[in-house]
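For reference, the structure is listed below as structure tokens.
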Amino acid sequence: MKKLLELALDIGEQMIFSGAEVHRVEDTLNRICTAFGASRVDVFIITTSMVLTVHDENGVSFTQTRRILSSGTDFNKLSKLNALSRKICSTKNLNEEEIRNELKEISKSKTYPLWFEFIIYSIIAMAFTLFFNGTFIQSVLSLFIGFLVRWLILFSDKYVKNKIFNKFIASFGLTAFSYIAFKLKIVLSVDEIIIGNIMVLISGVGLTNSLRDLFTGDSMAGVLRFIESLLTAVAIALGYLVFIFLIGETPYFTAIPKSAQFYKYVIEIVMAIIGSIGFGMLYNVRNKNLIAVGVGGALAWGTYLLLYSFINNETVCYFIVSVAVSLFAEVMARLLKAPTTVFLTPSLIPLVPGASLYYSMTFMFSGNLELFTGKAFATLQLAGALALGVIFSSVVMKFINTLILNKIVKK
């Protein structure tokens, strides 16, 4: 049982490192220990610690604790760990050495090289600048600023091992670069440039996982992750606000003329696909899964545009789209044998309210508390609608799975 504890914790730790939700890790550890003969399993996980207790058939209990020192996002690795846990539970005859060997192979899984991340950051920033109706010149400028943002994160990470502080530095830097371009009269407005780059910095994985953990009963883990996501958003806002405070003005101009509606919609959907695939690459999604992520991004924004033409309520549209994308992710998870998170998080990226966050910051600095309050509340509404849509879909799928399982058992 002691060896089982260590082995299960190794798998759980790697899942946390790869960006898994707490309830998924707890469920996985429970299934693995049960498959190896544990009569009872007690698991407690938060973002910084894991505690696992197993009871053997004689009633003797064994407990181990594991400290979680870091976390990241590697959905390719998470998919392989998920496949390994399924294999352990289905065959029930894998020995410790075989599992250790598979874990070693999974740890050697390829990731995209660092230089490629610079390119992806640039492409995502450019795509979302166009997505938010930026001009060609603004998108080209975003391409370069996205590259510089990734360099700032890399540079600050060498000296301060703090992700939240890194987001502050990156936000401060992108605002400074945008302002310089504005002062040099390269662009007439920097709104779309800043919004496009903010989208790169927003933590979609942390927010999505925190809300899913909260609604599935892992309150403490969910709250901790939600606070971390909130602090990240605050750091991004402070980076912008500190720079604006230092220069004493807001580089905000009236919107420039936009393109024709149909043409604009086509561009938005194409950029949503590019943005989702770009984030998928940042999360190390690969092969068929990456194609599914692109389809999910198109589904998300295409459905939103269609709904908004009939339902003039953004919050309701976000909820319905979130349900649709979540169900799509559930179906893809079953077809491609990967966790739902792999498809859900990147696909929902086009719906992340980055623009609302930016305009909330501008209204705050300008002292317009009424507009700031309204925009901040709208941002929370949209985020809440996304979360509720995800949870609603999860409940529906669990209900369907229960019905199917009951029918199988009766037969």
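Anything in region 1-19 that is buried (at least 23 other Cβ atoms within 10 Å of the Cβ) and part of a loop (DSSP other than H, G, I, E, B)? List them, or say none. Answer for region 1-19, where residues must be buried (at least 23 other Cβ atoms within 10 Å of the Cβ) and part of a loop (DSSP other than H, G, I, E, B): 18, 19. What about residue 363, is it over 29 Å from residue 283 (Cα atoms) and in contact (Cβ under 8 Å) with a residue 12 or more places away in the chain? Yes; evaluated as a whole, the condition is true for this residue. Restricting the search to region 58-102, which residues are among the acidic types (Asp, Glu) and within 30 Å of the chain's Cα centre (by Cα)? Those that are among the acidic types (Asp, Glu) and within 30 Å of the chain's Cα centre (by Cα): 74, 102. Looking at region 330-342, which of the residues that are in a helix (DSSP H, G or I) and of a type in the set (D, E, K, R) is nearest to the chain's Cα centre (by Cα)? Per the stated criteria, the residue is 330. Listed here are the helices (runs of 4 or more DSSP H) enclosed by region 182-261 that have at least 1 residues being surrounded by 18 or more Cβ atoms within 10 Å (Cβ to Cβ) and at pLDDT 80 or above: 191-201, 219-247.
Criterion applied to 300, 338 was being crowded, with 24+ Cβ neighbours inside 10 Å and touching a residue at least 40 places away in the same chain (Cβ under 8 Å), and the one residue passing it is 300. Set side by side, the residues 357, 327, 307 differ, and just one is under 30 Å from residue 238 (Cα atoms) and either surrounded by fewer than 19 Cβ atoms within 10 Å (Cβ to Cβ) or among the aliphatic types (A, V, I, L, M) (or both), which is 357. Residues of region 377-390 that are buried (at least 18 other Cβ atoms within 10 Å of the Cβ) and hydrophobic (A, V, I, L, M, F, W, C): 382, 383, 385, 386, 387, 390. Within region 262-290, restricting attention to residues that are loosely packed, with under 15 Cβ neighbours inside 10 Å and under 24 Å from the mean Cα position of the chain (by Cα), which residue is modelled with the highest pLDDT? That would be 288. Answer with yes or no whether residue 52 is surrounded by fewer than 19 Cβ atoms within 10 Å (Cβ to Cβ), of a type in the set (A, V, I, L, M) and farther than 14 Å from residue 78 by Cα. Criteria not met by residue 52.
Among the residues of this structure, residue 31 does not count as one that is of a type in the set (Lys, Arg) and more than 28 Å from residue 344 (Cα to Cα).
Of a type outside the set (Asp, Glu), in a loop (DSSP other than H, G, I, E, B) and buried (at least 16 other Cβ atoms within 10 Å of the Cβ) - does that describe any residue in region 71-78? Yes, there is a match, as at least one residue in region 71-78 is of a type outside the set (Asp, Glu), in a loop (DSSP other than H, G, I, E, B) and buried (at least 16 other Cβ atoms within 10 Å of the Cβ). Name the residue, out of 303, 345, 315, that is of a type outside the set (A, V, I, L, M, F, W, C), assigned to a helix (DSSP H, G or I), more than 30 Å from residue 143 (Cα to Cα) and outside the structural domain of residue 78 (by TED's automatic domain parsing). Sole residue among the options that is of a type outside the set (A, V, I, L, M, F, W, C), assigned to a helix (DSSP H, G or I), more than 30 Å from residue 143 (Cα to Cα) and outside the structural domain of residue 78 (by TED's automatic domain parsing): 315.
Per-residue answers, yes or no, for (1) within 28 Å of residue 189 (Cβ to Cβ); (2) over 22 Å from the mean Cα position of the chain (by Cα); (3) touching a residue at least 40 places away in the same chain (Cβ under 8 Å):
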residue	(1), (2), (3)
111	no, no, yes
120	yes, no, yes
126	yes, no, yes
134	yes, yes, yes
142	yes, no, yes
158	no, yes, no
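In the condition set (1) in contact (Cβ under 8 Å) with a residue 60 or more places away in the chain; (2) of a type in the set (S, T, N, Q); (3) within 24 Å of residue 275 (Cα to Cα), residue 379 is compliant with all but (1).
The values are calculated or read from the model by the stated rules, or taken from the named source; none is laboratory data. Owing to the predicted nature of the structure, the values given are computational and were not obtained by experimental measurement. Cβ coordinates were reconstructed from backbone atoms using ideal geometry, including for glycine residues, and neighbour counts include every protein chain displayed.
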